[in-house]
Amino acid sequence: MGNFKYITNRPLKDKSGAEKGRIQVLVRANSDRAEGKYTCPECLNQANIDQEWLKPFILVCGKCNAKLKIPKLKDEAKKEKNAEKKILEAEAERKAKEAAAREGLV
Ligand SMILES: [Zn+2]
(Lines give C-alpha, C1' and ligand atoms only; values in the text may rest on other atoms or scores of the structure.)
Protein backbone atom coordinates (compact mmCIF):
# COMPACT_ATOMS: atom_id res chain seq x y z
CA MET A 1 0.00 0.00 0.00
CA GLY A 2 2.89 2.35 0.66
CA ASN A 3 1.76 5.94 0.42
CA PHE A 4 -1.91 5.10 -0.05
CA LYS A 5 -4.46 4.11 2.55
CA TYR A 6 -6.89 2.93 -0.07
CA ILE A 7 -6.56 2.08 -3.71
CA THR A 8 -8.93 0.26 -5.99
CA ASN A 9 -9.69 -0.35 -9.63
CA ARG A 10 -12.76 -2.40 -10.39
CA PRO A 11 -15.70 -2.82 -12.69
CA LEU A 12 -19.06 -1.28 -11.92
CA LYS A 13 -22.32 -2.98 -12.76
CA ASP A 14 -25.36 -1.27 -14.18
CA LYS A 15 -28.86 -1.98 -12.88
CA SER A 16 -29.15 -5.13 -15.00
CA GLY A 17 -25.88 -6.47 -13.55
CA ALA A 18 -23.76 -5.95 -16.66
CA GLU A 19 -20.23 -4.69 -16.06
CA LYS A 20 -20.25 -1.57 -18.17
CA GLY A 21 -18.44 0.87 -15.94
CA ARG A 22 -15.26 1.14 -13.96
CA ILE A 23 -14.06 3.01 -10.92
CA GLN A 24 -10.51 3.81 -9.98
CA VAL A 25 -9.98 5.45 -6.61
CA LEU A 26 -6.95 6.20 -4.55
CA VAL A 27 -6.62 7.90 -1.19
CA ARG A 28 -3.21 9.12 -0.20
CA ALA A 29 -1.98 8.18 3.28
CA ASN A 30 -1.93 11.79 4.45
CA SER A 31 -5.21 12.78 2.83
CA ASP A 32 -8.95 12.38 3.20
CA ARG A 33 -9.62 13.08 -0.45
CA ALA A 34 -10.62 10.34 -2.84
CA GLU A 35 -8.99 10.88 -6.21
CA GLY A 36 -9.42 8.93 -9.39
CA LYS A 37 -11.77 8.48 -12.28
CA TYR A 38 -14.84 6.51 -13.25
CA THR A 39 -16.93 5.35 -16.12
CA CYS A 40 -20.61 5.41 -15.20
CA PRO A 41 -22.19 2.01 -15.94
CA GLU A 42 -25.57 3.64 -16.59
CA CYS A 43 -24.72 6.44 -19.03
CA LEU A 44 -21.03 5.63 -19.80
CA ASN A 45 -20.01 9.13 -18.74
CA GLN A 46 -16.29 9.34 -17.93
CA ALA A 47 -15.10 11.84 -15.37
CA ASN A 48 -12.57 12.46 -12.64
CA ILE A 49 -13.20 11.87 -8.96
CA ASP A 50 -12.12 14.36 -6.37
CA GLN A 51 -14.24 14.28 -3.24
CA GLU A 52 -14.09 13.59 0.45
CA TRP A 53 -13.20 9.98 1.35
CA LEU A 54 -16.10 8.55 3.30
CA LYS A 55 -17.24 5.02 4.00
CA PRO A 56 -19.35 3.81 2.43
CA PHE A 57 -18.01 5.70 -0.51
CA ILE A 58 -20.77 6.85 -2.82
CA LEU A 59 -20.07 8.63 -6.05
CA VAL A 60 -22.85 10.41 -7.87
CA CYS A 61 -22.49 10.45 -11.63
CA GLY A 62 -22.17 14.04 -12.78
CA LYS A 63 -24.22 13.33 -15.87
CA CYS A 64 -27.12 11.03 -14.92
CA ASN A 65 -26.99 11.28 -11.10
CA ALA A 66 -26.69 7.50 -10.72
CA LYS A 67 -25.29 6.54 -7.33
CA LEU A 68 -22.16 4.48 -7.82
CA LYS A 69 -20.87 2.44 -4.92
CA ILE A 70 -17.62 0.58 -4.69
CA PRO A 71 -18.84 -2.98 -4.25
CA LYS A 72 -18.08 -5.03 -1.14
CA LEU A 73 -15.70 -2.68 0.56
CA LYS A 74 -15.88 -4.44 3.93
CA ASP A 75 -15.63 -7.98 2.60
CA GLU A 76 -12.65 -7.03 0.59
CA ALA A 77 -10.89 -5.40 3.51
CA LYS A 78 -11.47 -8.62 5.45
CA LYS A 79 -10.17 -10.72 2.57
CA GLU A 80 -7.09 -8.55 2.24
CA LYS A 81 -6.42 -8.91 5.94
CA ASN A 82 -6.77 -12.68 5.76
CA ALA A 83 -4.51 -12.84 2.72
CA GLU A 84 -1.92 -10.76 4.54
CA LYS A 85 -2.14 -13.05 7.56
CA LYS A 86 -1.68 -16.14 5.39
CA ILE A 87 1.40 -14.62 3.74
CA LEU A 88 2.88 -13.82 7.14
CA GLU A 89 2.15 -17.33 8.41
CA ALA A 90 3.69 -18.91 5.31
CA GLU A 91 6.75 -16.71 5.74
CA ALA A 92 7.11 -17.69 9.41
CA GLU A 93 6.79 -21.36 8.47
CA ARG A 94 9.39 -21.02 5.73
CA LYS A 95 11.82 -19.37 8.17
CA ALA A 96 11.21 -22.09 10.77
CA LYS A 97 11.91 -24.76 8.15
CA GLU A 98 15.08 -22.98 7.05
CA ALA A 99 16.26 -22.76 10.64
CA ALA A 100 15.52 -26.45 11.15
CA ALA A 101 17.39 -27.31 7.95
CA ARG A 102 20.39 -25.24 9.05
CA GLU A 103 20.49 -27.02 12.37
CA GLY A 104 20.26 -30.32 10.59
CA LEU A 105 23.38 -29.46 8.59
CA VAL A 106 25.51 -28.65 11.63
ZN1 LIG B 1 -24.12 8.33 -15.40
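Name the one entry in K86, K15 that is loosely packed, with under 11 Cβ neighbours inside 10 Å and more than 16 Å from the ligand (Cβ to nearest atom).
Selected residue: K86, the only one of K86, K15 that is loosely packed, with under 11 Cβ neighbours inside 10 Å and more than 16 Å from the ligand (Cβ to nearest atom).
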Flag for V60 being assigned by TED's automatic domain parsing to the domain that holds G2, under 20 Å from G2 (Cβ atoms) and β-branched (V, I, T): no
- line: Given the conditions (1) within 29 Å of K81 (Cβ to Cβ); (2) free of Cβ contacts under 8 Å to residues at least 40 places away in the same chain, every one holds for V25 apart from (2)
- prompt: Assuming N65 fulfils every condition listed in (1) over 20 Å from N3 (Cβ atoms); (2) surrounded by 13 or more Cβ atoms within 10 Å (Cβ to Cβ) apart from one, which condition is it?
  reply: (2)
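The values are calculated or read from the model by the stated rules, or taken from the named source; none is laboratory data. Values in this document were obtained by computation on a predicted structure and should not be read as measured data. Here the Cβ is made from the backbone with ideal geometry for all residues, glycine too, and neighbour counts use every protein chain on show.
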